[in-house]
Amino acid sequence: MQQQNWRTILQRSLRSPQLVIEKLGLTEAHLPLSMPVNDKFPLRVTGGFMNRIRRGDANDPLLRQILPLAAEAEDAEGYTVDPLSEHSTQPVPGLLHKYHGRALLIVTGACAIHCRYCFRRHFPYADSNPAPQQWRQAISYLRGDSSINEIILSGGDPLTLPDDKLRMLVSELSSIPHLRRLRIHSRIPVVLPERIDNNLAAVLTGTRFHPVMVVHANHPNEINETVRYAIDKLRDNRILILNQSVLLRGINDSVAVLSGLSEKLFDAGIMPYYLHMLDPVKGTAHFSVPESDALLIIKGLREKLPGYLVPRLVREVAGNPYKLPLDPA
Ligand SMILES: *Cc1c(COP(=O)(O)O)cnc(C)c1O
Ligand code: SF4
(Lines give C-alpha, C1' and ligand atoms only; values in the text may rest on other atoms or scores of the structure.)
(Ligands and ions follow the chains in the order given, each with its own letter.)
Protein backbone atom coordinates (compact mmCIF):
# COMPACT_ATOMS: atom_id res chain seq x y z
CA MET A 1 0.00 0.00 0.00
CA GLN A 2 1.35 3.40 -0.99
CA GLN A 3 1.61 5.56 2.12
CA GLN A 4 0.21 9.07 1.88
CA ASN A 5 2.77 11.77 2.47
CA TRP A 6 2.60 12.99 6.08
CA ARG A 7 2.70 16.65 5.02
CA THR A 8 -0.40 16.14 2.89
CA ILE A 9 -2.16 14.42 5.78
CA LEU A 10 -1.16 17.28 8.08
CA GLN A 11 -2.43 19.88 5.62
CA ARG A 12 -5.74 18.05 5.42
CA SER A 13 -6.28 18.28 9.19
CA LEU A 14 -9.78 19.30 10.15
CA ARG A 15 -10.20 22.81 11.56
CA SER A 16 -13.95 23.26 11.61
CA PRO A 17 -15.97 22.24 14.69
CA GLN A 18 -19.10 22.09 12.54
CA LEU A 19 -17.46 19.64 10.16
CA VAL A 20 -16.15 17.47 13.00
CA ILE A 21 -19.61 17.32 14.58
CA GLU A 22 -21.24 16.57 11.26
CA LYS A 23 -18.81 13.77 10.42
CA LEU A 24 -19.51 12.15 13.78
CA GLY A 25 -23.27 12.34 13.39
CA LEU A 26 -23.69 14.90 16.21
CA THR A 27 -25.40 18.28 16.41
CA GLU A 28 -24.47 21.53 18.11
CA ALA A 29 -27.61 21.21 20.20
CA HIS A 30 -25.97 18.80 22.61
CA LEU A 31 -22.44 20.19 22.19
CA PRO A 32 -22.34 23.93 22.84
CA LEU A 33 -19.35 25.36 21.00
CA SER A 34 -17.36 28.32 22.17
CA MET A 35 -16.40 30.33 19.14
CA PRO A 36 -14.52 33.20 20.79
CA VAL A 37 -12.08 30.78 22.45
CA ASN A 38 -11.85 28.80 19.27
CA ASP A 39 -10.50 31.90 17.50
CA LYS A 40 -7.34 32.02 19.59
CA PHE A 41 -6.66 28.28 19.86
CA PRO A 42 -8.64 26.83 16.97
CA LEU A 43 -9.75 23.28 16.62
CA ARG A 44 -7.21 21.15 14.83
CA VAL A 45 -7.32 17.38 14.40
CA THR A 46 -5.80 14.84 12.01
CA GLY A 47 -7.98 12.48 9.99
CA GLY A 48 -6.28 9.54 11.68
CA PHE A 49 -7.27 10.74 15.16
CA MET A 50 -10.81 11.44 13.91
CA ASN A 51 -11.09 7.81 12.79
CA ARG A 52 -10.56 6.68 16.38
CA ILE A 53 -13.51 8.76 17.67
CA ARG A 54 -16.79 6.86 18.07
CA ARG A 55 -19.63 8.13 15.92
CA GLY A 56 -22.69 9.51 17.68
CA ASP A 57 -21.06 9.80 21.13
CA ALA A 58 -20.79 13.40 22.32
CA ASN A 59 -18.79 12.21 25.34
CA ASP A 60 -16.23 10.22 23.41
CA PRO A 61 -12.91 10.57 25.31
CA LEU A 62 -10.96 11.44 22.17
CA LEU A 63 -13.53 13.93 20.94
CA ARG A 64 -13.47 15.67 24.33
CA GLN A 65 -9.72 16.24 23.90
CA ILE A 66 -10.07 18.19 20.66
CA LEU A 67 -13.51 19.84 20.50
CA PRO A 68 -13.81 23.40 21.91
CA LEU A 69 -16.72 23.67 24.32
CA ALA A 70 -18.41 26.70 25.87
CA ALA A 71 -16.88 25.73 29.22
CA GLU A 72 -13.52 27.04 27.97
CA ALA A 73 -14.84 30.58 28.18
CA GLU A 74 -15.60 30.27 31.88
CA ASP A 75 -13.19 31.86 34.31
CA ALA A 76 -12.10 29.84 37.33
CA GLU A 77 -10.17 31.07 40.33
CA GLY A 78 -6.46 30.26 40.14
CA TYR A 79 -6.54 29.39 36.44
CA THR A 80 -4.16 31.71 34.59
CA VAL A 81 -2.47 32.04 31.20
CA ASP A 82 1.03 31.16 32.49
CA PRO A 83 0.60 29.13 35.68
CA LEU A 84 4.16 27.76 35.54
CA SER A 85 5.76 31.19 35.08
CA GLU A 86 7.56 29.74 32.09
CA HIS A 87 8.18 33.20 30.74
CA SER A 88 10.67 33.72 33.53
CA THR A 89 12.63 30.47 33.12
CA GLN A 90 13.93 31.24 29.63
CA PRO A 91 17.57 32.31 29.65
CA VAL A 92 17.25 32.88 25.89
CA PRO A 93 13.96 32.93 23.95
CA GLY A 94 12.57 29.46 23.38
CA LEU A 95 14.86 27.65 25.83
CA LEU A 96 13.55 26.57 29.24
CA HIS A 97 16.22 25.77 31.81
CA LYS A 98 14.26 24.89 34.90
CA TYR A 99 15.74 21.62 36.11
CA HIS A 100 19.32 20.62 36.81
CA GLY A 101 21.09 18.99 33.88
CA ARG A 102 18.17 19.33 31.47
CA ALA A 103 17.15 22.10 29.12
CA LEU A 104 14.03 22.15 26.98
CA LEU A 105 14.09 23.74 23.55
CA ILE A 106 10.85 24.92 22.01
CA VAL A 107 11.69 24.24 18.40
CA THR A 108 8.30 25.19 16.99
CA GLY A 109 4.87 26.35 18.14
CA ALA A 110 3.08 24.11 15.65
CA CYS A 111 1.23 20.90 16.59
CA ALA A 112 -0.57 18.26 14.53
CA ILE A 113 -3.62 18.48 16.79
CA HIS A 114 -4.76 21.03 19.34
CA CYS A 115 -5.50 19.51 22.74
CA ARG A 116 -8.03 21.62 24.61
CA TYR A 117 -6.32 21.15 27.99
CA CYS A 118 -2.90 22.17 26.69
CA PHE A 119 -0.86 24.35 29.02
CA ARG A 120 0.74 26.04 26.03
CA ARG A 121 -2.56 27.23 24.58
CA HIS A 122 -2.04 30.81 25.67
CA PHE A 123 1.57 31.11 24.66
CA PRO A 124 2.47 33.82 22.18
CA TYR A 125 4.43 31.35 20.08
CA ALA A 126 1.34 29.19 19.56
CA ASP A 127 1.29 30.07 15.87
CA SER A 128 4.95 30.76 15.41
CA ASN A 129 7.10 29.02 12.86
CA PRO A 130 10.45 27.44 13.60
CA ALA A 131 13.00 30.15 14.11
CA PRO A 132 16.46 28.75 13.38
CA GLN A 133 18.05 32.11 14.26
CA GLN A 134 16.63 31.59 17.76
CA TRP A 135 18.17 28.11 17.87
CA ARG A 136 21.54 29.79 17.32
CA GLN A 137 21.18 31.67 20.59
CA ALA A 138 19.94 28.56 22.38
CA ILE A 139 22.82 26.50 21.06
CA SER A 140 25.42 28.97 22.26
CA TYR A 141 23.75 29.00 25.69
CA LEU A 142 23.92 25.19 25.76
CA ARG A 143 27.56 25.26 24.70
CA GLY A 144 28.36 27.63 27.51
CA ASP A 145 26.77 25.63 30.34
CA SER A 146 28.51 22.31 30.87
CA SER A 147 26.08 21.35 33.66
CA ILE A 148 23.47 20.61 30.99
CA ASN A 149 23.78 17.01 29.82
CA GLU A 150 20.35 16.44 28.31
CA ILE A 151 18.54 18.44 25.65
CA ILE A 152 14.80 18.02 25.23
CA LEU A 153 13.23 18.98 21.91
CA SER A 154 9.69 20.14 22.55
CA GLY A 155 7.15 22.68 21.37
CA GLY A 156 4.53 22.66 20.08
CA ASP A 157 5.53 19.41 18.44
CA PRO A 158 9.14 19.14 17.23
CA LEU A 159 8.25 16.41 14.74
CA THR A 160 6.12 18.85 12.71
CA LEU A 161 9.47 20.18 11.47
CA PRO A 162 10.81 18.90 8.17
CA ASP A 163 13.59 16.30 8.26
CA ASP A 164 16.30 18.66 6.99
CA LYS A 165 15.70 21.21 9.78
CA LEU A 166 15.69 18.45 12.39
CA ARG A 167 18.86 16.94 10.94
CA MET A 168 20.62 20.28 11.13
CA LEU A 169 19.51 20.82 14.72
CA VAL A 170 20.36 17.33 15.97
CA SER A 171 23.74 17.45 14.31
CA GLU A 172 24.57 20.85 15.88
CA LEU A 173 23.50 19.54 19.27
CA SER A 174 25.65 16.45 18.92
CA SER A 175 28.68 18.70 18.48
CA ILE A 176 28.27 19.97 22.07
CA PRO A 177 30.52 17.59 24.02
CA HIS A 178 28.79 17.75 27.43
CA LEU A 179 25.35 16.86 26.01
CA ARG A 180 24.92 13.14 26.68
CA ARG A 181 21.25 12.61 25.92
CA LEU A 182 18.75 13.71 23.30
CA ARG A 183 15.09 13.57 24.28
CA ILE A 184 12.11 14.31 22.05
CA HIS A 185 8.70 15.19 23.46
CA SER A 186 6.11 14.51 20.77
CA ARG A 187 2.46 13.60 20.34
CA ILE A 188 3.04 12.89 16.63
CA PRO A 189 3.58 9.10 16.90
CA VAL A 190 0.05 8.96 18.34
CA VAL A 191 -1.79 11.62 16.33
CA LEU A 192 0.10 11.51 13.00
CA PRO A 193 1.89 8.14 12.98
CA GLU A 194 2.48 8.41 9.22
CA ARG A 195 5.19 10.97 10.09
CA ILE A 196 7.38 8.20 11.51
CA ASP A 197 9.27 6.90 8.49
CA ASN A 198 12.76 5.61 7.77
CA ASN A 199 14.05 9.09 6.95
CA LEU A 200 12.97 10.46 10.30
CA ALA A 201 14.42 7.48 12.14
CA ALA A 202 17.70 8.10 10.30
CA VAL A 203 17.68 11.77 11.29
CA LEU A 204 17.09 10.97 14.95
CA THR A 205 19.68 8.21 15.14
CA GLY A 206 22.26 9.73 12.80
CA THR A 207 24.50 11.04 15.58
CA ARG A 208 26.20 9.67 18.70
CA PHE A 209 22.98 10.14 20.74
CA HIS A 210 20.70 7.26 21.76
CA PRO A 211 17.42 9.16 21.63
CA VAL A 212 14.61 8.88 24.14
CA MET A 213 11.15 9.78 22.92
CA VAL A 214 8.36 10.71 25.29
CA VAL A 215 5.04 10.36 23.47
CA HIS A 216 1.68 11.52 24.77
CA ALA A 217 -1.48 9.42 24.88
CA ASN A 218 -4.28 9.81 27.41
CA HIS A 219 -6.72 7.04 26.53
CA PRO A 220 -6.38 3.46 25.24
CA ASN A 221 -8.53 4.27 22.18
CA GLU A 222 -5.68 6.45 20.92
CA ILE A 223 -3.46 3.42 20.34
CA ASN A 224 -4.27 1.58 17.12
CA GLU A 225 -2.44 -0.45 14.49
CA THR A 226 -0.87 2.57 12.74
CA VAL A 227 0.44 3.86 16.06
CA ARG A 228 1.91 0.44 16.91
CA TYR A 229 3.57 0.35 13.49
CA ALA A 230 5.15 3.79 14.03
CA ILE A 231 6.40 2.83 17.49
CA ASP A 232 7.88 -0.40 16.11
CA LYS A 233 9.82 1.64 13.57
CA LEU A 234 11.27 3.85 16.30
CA ARG A 235 12.11 0.88 18.50
CA ASP A 236 13.71 -0.96 15.60
CA ASN A 237 16.09 2.00 15.58
CA ARG A 238 16.81 1.59 19.28
CA ILE A 239 14.83 4.65 20.36
CA LEU A 240 13.46 4.23 23.89
CA ILE A 241 9.76 5.15 24.07
CA LEU A 242 8.00 6.47 27.18
CA ASN A 243 4.52 7.93 27.56
CA GLN A 244 3.14 10.85 29.49
CA SER A 245 -0.55 11.50 30.06
CA VAL A 246 -2.57 14.26 31.62
CA LEU A 247 -5.26 13.27 34.11
CA LEU A 248 -8.47 14.65 32.61
CA ARG A 249 -11.96 14.66 34.04
CA GLY A 250 -14.42 12.71 31.95
CA ILE A 251 -11.63 11.37 29.72
CA ASN A 252 -9.31 9.12 31.69
CA ASP A 253 -10.10 9.69 35.38
CA SER A 254 -10.74 6.04 36.26
CA VAL A 255 -8.74 2.95 37.17
CA ALA A 256 -10.38 1.05 34.31
CA VAL A 257 -9.33 3.53 31.62
CA LEU A 258 -5.80 4.15 32.92
CA SER A 259 -5.02 0.49 33.53
CA GLY A 260 -6.30 -0.20 30.00
CA LEU A 261 -3.99 2.52 28.75
CA SER A 262 -0.94 1.09 30.53
CA GLU A 263 -1.67 -2.40 29.16
CA LYS A 264 -2.08 -1.09 25.63
CA LEU A 265 1.03 1.06 25.87
CA PHE A 266 3.05 -1.93 27.00
CA ASP A 267 1.70 -4.06 24.15
CA ALA A 268 2.85 -1.31 21.78
CA GLY A 269 6.34 -1.24 23.32
CA ILE A 270 5.84 1.98 25.31
CA MET A 271 6.55 2.35 29.04
CA PRO A 272 4.33 4.62 31.15
CA TYR A 273 6.31 7.57 32.56
CA TYR A 274 4.28 10.46 33.98
CA LEU A 275 0.63 11.04 34.77
CA HIS A 276 0.39 14.81 35.08
CA MET A 277 -2.07 16.70 37.20
CA LEU A 278 -3.66 19.36 35.00
CA ASP A 279 -1.83 22.67 35.13
CA PRO A 280 -4.23 25.44 36.17
CA VAL A 281 -4.44 27.01 32.74
CA LYS A 282 -7.20 29.48 31.96
CA GLY A 283 -10.06 27.79 30.13
CA THR A 284 -9.31 24.24 31.28
CA ALA A 285 -10.90 24.08 34.77
CA HIS A 286 -13.60 21.70 33.51
CA PHE A 287 -10.89 19.05 32.96
CA SER A 288 -9.57 19.25 36.50
CA VAL A 289 -9.51 16.15 38.75
CA PRO A 290 -9.16 16.73 42.53
CA GLU A 291 -5.93 15.47 44.07
CA SER A 292 -7.80 13.12 46.43
CA ASP A 293 -9.43 11.39 43.43
CA ALA A 294 -6.09 11.22 41.63
CA LEU A 295 -4.48 9.46 44.61
CA LEU A 296 -7.31 6.92 44.75
CA ILE A 297 -6.86 6.20 41.05
CA ILE A 298 -3.14 5.58 41.52
CA LYS A 299 -3.88 3.28 44.44
CA GLY A 300 -6.29 1.39 42.21
CA LEU A 301 -3.64 1.10 39.51
CA ARG A 302 -1.13 -0.26 42.03
CA GLU A 303 -3.65 -2.90 43.09
CA LYS A 304 -4.13 -4.00 39.49
CA LEU A 305 -0.87 -3.61 37.60
CA PRO A 306 2.79 -4.55 37.90
CA GLY A 307 4.77 -1.65 39.37
CA TYR A 308 6.45 -0.87 36.07
CA LEU A 309 3.08 -0.13 34.43
CA VAL A 310 2.02 2.45 37.04
CA PRO A 311 2.87 5.99 35.85
CA ARG A 312 4.27 8.51 38.33
CA LEU A 313 1.59 10.98 39.38
CA VAL A 314 3.19 14.43 39.34
CA ARG A 315 2.32 18.06 39.60
CA GLU A 316 4.37 20.88 38.17
CA VAL A 317 5.03 23.47 40.84
CA ALA A 318 6.66 26.75 39.79
CA GLY A 319 10.04 27.06 41.46
CA ASN A 320 10.30 23.38 42.51
CA PRO A 321 13.50 21.74 41.21
CA TYR A 322 11.61 18.69 39.86
CA LYS A 323 8.08 17.65 38.98
CA LEU A 324 6.51 16.99 42.34
CA PRO A 325 5.44 13.35 42.92
CA LEU A 326 2.06 13.20 44.68
CA ASP A 327 1.91 9.51 45.33
CA PRO A 328 3.39 8.74 48.77
CA ALA A 329 4.10 5.09 47.92
C1 LIG B 1 9.13 18.43 32.30
C2 LIG B 1 10.28 19.26 32.00
C3 LIG B 1 11.57 18.69 31.91
C4 LIG B 1 11.83 17.23 32.06
O5 LIG B 1 11.58 16.76 33.34
P6 LIG B 1 11.83 15.23 33.67
O7 LIG B 1 11.37 15.06 35.06
O8 LIG B 1 13.29 14.97 33.47
O9 LIG B 1 11.03 14.45 32.67
C10 LIG B 1 12.63 19.54 31.67
N11 LIG B 1 12.47 20.87 31.52
C12 LIG B 1 11.24 21.44 31.61
C13 LIG B 1 11.13 22.91 31.47
C14 LIG B 1 10.11 20.66 31.84
O15 LIG B 1 8.91 21.23 31.91
S1 SF4 C 1 0.26 18.16 20.98
FE2 SF4 C 1 1.13 18.68 23.00
S3 SF4 C 1 1.80 20.83 22.81
FE4 SF4 C 1 0.42 20.42 21.09
S5 SF4 C 1 -1.62 21.06 21.80
FE6 SF4 C 1 -1.44 18.86 22.27
S7 SF4 C 1 -0.64 18.78 24.38
FE8 SF4 C 1 -0.29 20.87 23.59
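Listing for the model above:
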read-out: Every pair of residues 6+ apart whose Cβ atoms lie under 6 Å, when the first sits in region 58-74 and is under 13 Å from residue 33 (Cα atoms) while the second is outside any loop (DSSP other than H, G, I, E, B) and open to solvent by less than 10 Å² (accessible area, probe 1.4 Å); value: 66/45
read-out: Single residue of region 256-279 satisfying the filter (in a helix (DSSP H, G or I) and among the charged types (D, E, K, R)) that is most open to solvent (accessible area, probe 1.4 Å); value: 267
read-out: Residue 249 being part of a loop (DSSP other than H, G, I, E, B) and open to solvent by 30 Å² or more (accessible area, probe 1.4 Å); value: yes
read-out: Some residue of region 151-159 being away from ligand 2 (no atom under 14 Å from the Cβ), surrounded by fewer than 19 Cβ atoms within 10 Å (Cβ to Cβ) and closer than 22 Å to residue 186 by Cα; value: no
read-out: Matching residues, region 75-128, being among the hydroxyl-bearing types (Ser, Thr, Tyr), at pLDDT below 90 and under 25 Å from residue 7 (Cβ atoms); value: 125, 128
read-out: Counted residues, region 191-218 - those being free of Cβ contacts under 8 Å to residues at least 40 places away in the same chain and part of a helix (DSSP H, G or I); value: 6
read-out: Residue that is surrounded by the fewest Cβ atoms within 10 Å (Cβ to Cβ), among those in region 280-317 that are within 13 Å of ligand 1 (Cβ to nearest atom) and at pLDDT below 95; value: 317
read-out: Residue 87, sole failed condition from (1) in contact (Cβ under 8 Å) with a residue 40 or more places away in the chain; (2) open to solvent by 10 Å² or more (accessible area, probe 1.4 Å); value: (1)
read-out: Some residue of region 250-270 being polar (S, T, N, Q), under 18 Å from residue 65 (Cβ atoms) and away from ligand 1 (no atom under 16 Å from the Cβ); value: yes
read-out: Odd one out for residue 191 among (1) touching a Phe, Trp or Tyr at 6+ places or on another chain (Cβ under 8 Å); (2) surrounded by fewer than 24 Cβ atoms within 10 Å (Cβ to Cβ); value: (2)
read-out: Residue check, residue 243 touching a residue at least 40 places away in the same chain (Cβ under 8 Å), within 16 Å of ligand 1 (Cβ to nearest atom) and not in a loop (DSSP other than H, G, I, E, B); value: yes
read-out: Meets criteria (open to solvent by less than 50 Å² (accessible area, probe 1.4 Å), within 16 Å of ligand 1 (Cβ to nearest atom), farther than 18 Å from residue 215 by Cα and more than 20 Å from the chain's Cα centre (by Cα)) for residue 94; value: no
read-out: Test result for residue 95, of a type outside the set (Asp, Glu) and within 15 Å of ligand 2 (Cβ to nearest atom); value: no
read-out: Flag if residue 28 is closer than 23 Å to residue 283 by Cβ and within 14 Å of ligand 2 (Cβ to nearest atom); value: no
read-out: Where residue 8 falls short, out of the listed (1) open to solvent by 30 Å² or more (accessible area, probe 1.4 Å); (2) over 17 Å from residue 285 (Cα atoms); (3) modelled with pLDDT of 95 or more; (4) under 20 Å from the mean Cα position of the chain (by Cα); value: (4)
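Yes/no matrix, rows are residues, columns are (1) farther than 17 Å from residue 286 by Cα; (2) touching a Leu at 6+ places or on another chain (Cβ under 9 Å):
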site: 42; (1), (2): yes, no
site: 51; (1), (2): yes, no
site: 59; (1), (2): no, no
site: 64; (1), (2): no, yes
site: 68; (1), (2): no, yes
site: 71; (1), (2): no, no
site: 76; (1), (2): no, no
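The values are calculated or read from the model by the stated rules, or taken from the named source; none is laboratory data. Because the structure is predicted, anything quoted here is derived from the model rather than measured. Note that each Cβ is placed from the backbone with ideal geometry, even for glycine, and that neighbours are counted across all protein chains shown. For the accessible areas, the whole protein counts, side chains as well, though only heavy atoms, and no ligand, DNA or RNA atoms are used. Shrake-Rupley method; radii C 1.70, N 1.55, O 1.52, S 1.80 Å.
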